[in-house]
Every structure is written in C-alpha cells, then in structure tokens.
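In what follows, a structure is listed as structure tokens, so that the remarks can point back to it.
No value in this document is a laboratory result; all are computed from the given coordinates. What you see is a predicted model, and the numbers here were worked out from it, not measured in a lab. Here Cβ is always computed from backbone atoms with ideal geometry, including for glycine, and neighbour counts include all displayed protein chains.
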Amino acid sequence: MVKKLYIKTYGCQMNFADAERLKYIFEKNGWQITDNIDEALAIFAIGCSVRQHAENKIFSFIDGLKNIKKQGRVVGLLGCTANIYKKDILNQHPHINIICGTDYFDLLPEKIESALKGEKIILVEENQNPFVIKTNSKNSIYVDIPITKGCDNFCSYCVVPYARGKLKSRNSVEIINEIKNLSDSGVRHVNLLGQNVNEYGKDLNIKYDFAELLKEISKIDKLLRISFMTSHPKDTTKKILETMAENEKIMKHLHLPVQSGSNRILKLMNRKYSREEYLKIIEYARALIPDISITSDIMVGFPEETEKDFLETYEFVKEIQYDKIYIFKYSKRPFTRAAKLPNSISEKEKQRRHSLILNLQKKISRKISENYINKNVQILVEKINKNGYLEGKSLNNKTVYFSGDKNKIRSIIDVKIEQYSSGSYYAKL
Ligand code: 5AD
Ligand code: SF4
C-alpha cells in the first residue's frame, strides 16, 4: 500500500518553499502527499517561530495529534521551530517522533522507517546540504526559488539567525540552470527568496552580487517576470534599484521592511540604517521607477518604544505612503538580544499602536488603489479562477481579475483597471 504524508505549513514564504521541497523529496521516494490527515501514515508540521503567536499555533496543532501514536503513525515537527528548541521539545510534547531542521529534509525518507518502528529521530543544527532543485511537475507559471539560506544580521528581535544559521548563497550557475529548466517546462515568473536577498553573494569567494544575478536571470528567453523578497534597507544599493529600473522583466515592487521610524529604536533593533537613509532609498527608487510599489513590515511595542518613538513611526508611515504594510506586535523570542531589554510594553498598548497604524494604512492603501482606476497595466495571466475570471499580476505586483480567453494564460496582455474591491483590482481587456 502506498505510504501517505500529510504536511501542515505555517509562516513565511520560505517555509512554504521548504514544504514544496519536502513534497518533492517524499514523492521521489515513492510517498504520496495527502490532504486527508486521517489516511496519512506520517504527519509533519513545518513550524514558524518568528513570533510567539505562530509558535503557539504549531504546538496546538501538534498537541491535537496526541493519540496519533497509538494508531502506529508518526508525528514530525520540522523547520525553524525544530532547529531552535531541538530535543527540548520532547519535554512538553513527548508524542513527537521526529524533530528535523530545514537542512535535513533529504534524510527523512530513510529515517522515517526507524521512526515508524518507535525510534525518536532528532536531526538539528545546520550543515551544508545543497538546495534541492525543483521540477515543474504541476505545470506552474509561478515558482519560488530560494537563492540564499540563513541570515547573520542579528536584528535584536529576530530568531531567524538561530533557526536558519548563517547566510549561505546558492551557486549562481545552479540557480540559472534551474530557472532555465523551469522556463522550458512552462514557468514564466520566478520569485527569488531569501531572508535578505540583497546580500546574495557576500559569502561566496567570487565578485558576484544580487544585481548581477538579476541581470543574468533576465536573459533567460522564455522567462517573463522576476520578483524577489525580502530586501534589507542597509543592503539596497543604487545598483540594485538601477537594475530594476532598466530591466523590463524585473517587477517594480520592493518589499523593504523599515520596522520603525525612530532612529533610537532602529539602533536598539540593530537595523544599521537611519530613517533618513531609508527615506533616501525610497526617494531614489521612486525617481527611477515612478510606478514602483513599495511595501513594508512595521513593528510596534518593541521594548522601550515610547509614545514619541511610536509617533515617529506613525508619521513615517504617513510620509512614505506605502502600497501595503504588514504590522506586527513585538514578540519576545528566545536567544535574542531584545529579550534581555527592560520596559516591555503592555499587550494593550501594543494593540492600541497596532490599530492606529492599521487604520492609517487603510486610508493610504485606499487612496493609492483609487489612483489606479482607469490606468492601463500589463498583466502576466496566471490562471482562470472558479468564477471564470482570468487572474494575473501587474508589473508592480497588483493582483488583477478580468474576463478573457483562457488561451491567454502564460502571456502578458494589456488591461484597463476599472474597479478596486477588498484588495483586488478588476479590469477590462
Ligand atoms: N516580534 C514581532 N515581529 C517580528 N518580526 C520578526 N521578528 C519579530 C518579533 N520578535 C517581523 C519583522 C519582520 C517580519 C518577517 O516579522 O517585522 O520583518
Ligand atoms: Fe531577522 Fe534581521 Fe535577518 Fe531579517 S535581516 S531575518 S529581521 S535578523
């Protein structure tokens, strides 16, 4: 009987890319991926530990599986959460059979056999396992391509350097070859992933940087679009922005998390830029690429964030006019430097600051989206949705729906935006 694996994924795009890698590894070893947890022989949760809330969700999922062991199946906790807490996880969750960090997925098909016989499998810490090459088995148009692993920036609030280890850039020839093969099998848009893609190449012993990688990828004939995330302001060079401006395949979207508009807090966060330096990047980007979409992450309630610091962030968000932001309430994380700082802000106060910025951004986003009405944009058509609308993205990463022929899928077409409603644009050919 064919063995079936159920995978539950939490967290960021990197975790979802890891889930795809995991599926690929198991399918290659004769397993089938199932959506039905009841028929699975193995249940894996890929965990996110960036914030406490995310972590609570994984453990509540895992604890909901407590009687699974009795039925002879295995439960695995994988990814960042596994790498951070390692075997200590077993103290409170002894029913887990496998604890596996992101670098060891390749070993799981072999190790799972021992786990099924009752052995505890613990594969953590980092090693130098290669990135797994993707195939386009699903006839996809869009694919996420990890180009770096890990991060050594040590922002003082962030657990990622402890969960994913040091920055490791993938070999550029391997990246290019993978994307060439994917484009031959129908992929038209690749999204380059990394905790800080702008640092690509820093750890390699050759002079080759992110802008050069972008240029090289854009030469792949059949590929139509390239996007990337995340960018760190301290490494967002003029060269990267100029490459974006000059190259028509590179999407005009920059996700550039600022976190705070207060220089005092930015320093405590170890972000290595000031609000003035950040503003200069935005000004330069907008001068070069007037239609650029800029998005950001904002954190409220960092330890010692005073009302004055918060208001500086509030005013900064107003000044920048982001297309979209993700707002997070600071969450204390193990091993981080910020966890040792005094004066933590109350949950109620964090919520107040969160709501204030959320309401501000709602108004800004509405205003920006109204400016798109009647604009002509170019859409890479990705799919037809269940209501019969074609769906695709504009060059600056807005999702647009419109009526049209499904043979347009995989091509770029011109549409005129007519309407905006709850985060989506509706257009006409
Ligand atoms: N608490 C709250 N938000 C966090 N982020 C990272 N670490 C924390 C934390 N400890 C947010 C940052 C980052 C995004 C991916 O998650 O804003 O940019
Ligand atoms: Fe975390 Fe900072 Fe690295 Fe981003 S750049 S993953 S916030 S340490």
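List of remarks:
- Of all the options 139, 91, 177, the one that moves most in a Gaussian network model of the chain with Cα springs shorter than 10 angstrom is 91.
- Stretch gain in nm, segment residue 110-residue 184, where the contour uses 0.36 nm per residue and the Cα spacing is subtracted: 23.5 nm
- For the chain, the Cβ-based charge dipole about the Cα centre amounts to some 620 debye (Lys, Arg positive; Asp, Glu negative; other atoms uncharged).
- The H on the amide N of residue 253, modeled in the peptide plane, is under 5 Å from the matching H of 293, each at least 5 residues off or on a different chain.
- Between the range 363-417 and the range 195-213, the alpha-carbon center distance in angstrom: 32
- At q = 0.06, 0.10, 0.13, 0.14 Å⁻¹, base-10 log of I(q)/I(0) for the chain (Debye sum, equal scatterers on each alpha carbon): -0.27, -0.78, -1.31, -1.46
- Separation of the range 238-256 from the range 326-360 is 32 Å, based on Cα centroids.
- FRET efficiency for the pair residue 419 and residue 306, taken as 1/(1 + (r/R0)^6) with r the Cβ-Cβ distance and R0 = 41 Å, rounds to 0.45.
- The phi torsions of the range 232-239, fed into the Karplus equation with coefficients 6.51, -1.76 and 1.60 and a -60° offset, translate into couplings of 9, x, 5, 10, 7, 8, 4, 4 Hz, rounded to whole numbers, with Gly and Pro shown as x.
- With θ taken as phi - 60° and the Karplus curve 6.51 cos²θ - 1.76 cosθ + 1.60 applied, the whole-hertz 3J(HN,Hα) list for the range 294-309 is 10, 10, 7, 10, 10, 10, 10, x, 4, x, 6, 6, 7, 4, 5, 4 Hz, x standing for glycine and proline.
- The stretch between residue 173 and residue 13, if pulled fully straight at 0.36 nm per residue, gains 55.3 nm over its current Cα-Cα span.
- GNM top mover of 108, 77, 254 - the chain, alpha-carbon springs below 10 Å: 108
- For the chain, the mean residue ellipticity at 222 nm estimated from helices alone is -10000 deg cm²/dmol, where every DSSP H run of n ≥ 4 contributes -39500 (n - 2.57) and the total is divided by all residues, rounded to the nearest 500.
- Note on residue 36 and residue 137: with the Förster distance fixed at 22 Å, the Cβ-Cβ geometry gives a FRET efficiency of about 0.60.
- Ranked list, fewest to most other Cβ atoms within 10 Å of each Cβ, for 167, 5, 90: 90, 167, 5
- Cα lying deepest toward the dipole's positive end in the range 133-251, options 142, 153, 250, charges on Cβ: 142
- Put in order of Cβ neighbour count within 10 Å, fewest first, the listed residues 12, 80, 158 become 12, 158, 80.
- In this calculation the C-beta distance from residue 203 to residue 92 is compared with R0 = 51 Å, giving a FRET efficiency of 0.90.
- Per the Debye formula on identical point scatterers at the alpha carbon atoms of the range 4-123, with no solvent, log10 I(q)/I(0) at q = 0.14 Å⁻¹ is -0.50.
- Fewest-first sequence of 33, 96 by Cβ atoms within 10 Å of each Cβ: 33, 96
- Taking amide H atoms as placed 1.01 Å from N in the peptide plane, the amide H of residue 3 lies under 5 Å from those of 32, each 5 or more residues away in sequence or on another chain.
- Linear extension gain, residue 405 paired with residue 284, 0.36 nm per residue minus alpha-carbon span: 39.6 nm
- For the range 275-281, Karplus couplings with θ = phi - 60° (6.51, -1.76, 1.60), whole Hz, Gly/Pro x: 5, 5, 5, 4, 4, 4, 4
- Simple label model, 7 Å out from Cα along Cβ direction - residue 277 to residue 363, nm: 3.2
- For the range 376-428, the spread of Cα coordinates along the three principal axes comes to 25, 22, 16 Å, biggest extent given first.
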